[in-house]
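Okay, so here's the structure we're looking at.
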Amino acid sequence: MKVLVVDDEKDITALVAYHLEREGFRVLQAHDGLQALELVKRERPSLLVLDLMLPHLSGLDVCRRLRKEPDTARLPILMLTAKAEETDKVLGLELGGDDYLTKPFGPKELIARVKALIRRSEEVQGGEVVKAGSLEIDLDRYTVTIRKRAVELTPKEFDLLKALVLAKGRVLTREYLLDRVWGYERASEIESRTVDVHVRRLREKLGPEAARIVTVKSVGYRFNQDS
């Protein structure tokens, strides 16, 4: 399984590559945004570890371009950066990042997040199709349509929708969603905000069916499948 690590600091890419290779991953390295796009297109990695501050093309622009292309719209992206301000994190998530890790990072946390992202992107619920109004969700093929027109979701957006749908009307707390969808339990403010950011993006993409994701004040979210 291939992971592309993108950072202009070669010692960082070497460090990340070392820890990933110890876990059995094949690691590709890029040191600027344009090179990253070329490698994604040519090598088709399973996951992207992406720094935000890159020469030639920023990490945010790389993420934005990848999310616009059907072939890479669902590529899992872990943003790895020294920018720790909440606004930077939220912006990265809104542009399509699936998770966020700040420098300096612990190798064990890096590996845990990479494995969680890959696990969520590969997870399949056998053969079930859920219909709600004009919304149709194929849990096997990871596809979503509204009035038979495809809705392009990132892996994390799909996993979030899937968790809400499978709850069958039960309210899911932000803490539960962090554990179930993101794969780790730490309910810090920014991580709770991560759930809210992804819910907002998901609602925007669902358009006329957005109201099916109901906010339960001070608790979390539920999915309303009733017509």
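The values are calculated or read from the model by the stated rules, or taken from the named source; none is laboratory data. These figures come from a predicted structure and were not determined experimentally. Heads up, the Cβs are rebuilt from the backbone with ideal geometry, glycines too, and the neighbour counts pull from every protein chain shown. We work out accessible area using only protein heavy atoms, side chains counted, and drop any ligands, DNA or RNA first. Shrake-Rupley method; radii C 1.70, N 1.55, O 1.52, S 1.80 Å.
Does Gly106 fit the bill of being among the small types (Gly, Ala, Ser), under 22 Å from Glu9 (Cβ atoms) and modelled with pLDDT of 85 or more? Before you say what the answer is, go through the steps one by one.
On the way: among the small types (Gly, Ala, Ser): yes; under 22 Å from Glu9 (Cβ atoms): yes; modelled with pLDDT of 85 or more: yes.
Answer is yes for this residue.
Within region 34-78, the residues that satisfy the criterion of being of a type in the set (Asp, Glu) and either over 17 Å from Lys205 (Cβ atoms) or in contact with a Leu (Cβ under 8 Å, 6 or more places away or on another chain) (or both) are Glu38, Glu43, Asp51, Asp61, Asp71. Considering region 1-24, and only residues there that are acidic (Asp, Glu) and touching a residue at least 60 places away in the same chain (Cβ under 8 Å), the residue that is nearest to Pro55 (Cα to Cα) turns out to be Asp7.
In region 8-119, counting only strands (runs of 3 or more DSSP E) that sit wholly within it, the ones holding 1 or more residues that are in contact with an Asp or Glu (Cβ under 9 Å, 6 or more places away or on another chain), of a type in the set (Ser, Thr, Tyr) and open to solvent by less than 10 Å² (accessible area, probe 1.4 Å) span 77-81. Within region 143-152, the set of residues being at pLDDT 90 or above and closer than 23 Å to Arg65 by Cα comprises Val144, Thr145, Arg149, Ala150, Val151, Glu152.
Kindly establish whether Ile137 is open to solvent by 10 Å² or more (accessible area, probe 1.4 Å), at pLDDT 90 or above and of a type in the set (Val, Ile, Thr). So Ile137 does not fit the description; no.
Taking each residue of region 29-58 that is on the phi > 0 side of the Ramachandran plot and looking for partners that are open to solvent by 10 Å² or more (accessible area, probe 1.4 Å) with beta-carbon atoms closer than 6 Å, six or more apart or interchain, yields His56/Asp32; His56/Leu34.
Listed by first and then second residue, the pairs with beta-carbon distance under 6 Å, at least 6 apart or on different chains, first residue in region 133-155 and in a strand (DSSP E or B), second aliphatic (A, V, I, L, M) and open to solvent by 60 Å² or more (accessible area, probe 1.4 Å), are Asp138/Val129. Within region 201-227, the set of residues being surrounded by 13 or more Cβ atoms within 10 Å (Cβ to Cβ) and assigned to a helix (DSSP H, G or I) comprises Arg201, Leu202, Arg203, Lys205, Leu206, Gly207, Glu209, Ala210, Arg212.
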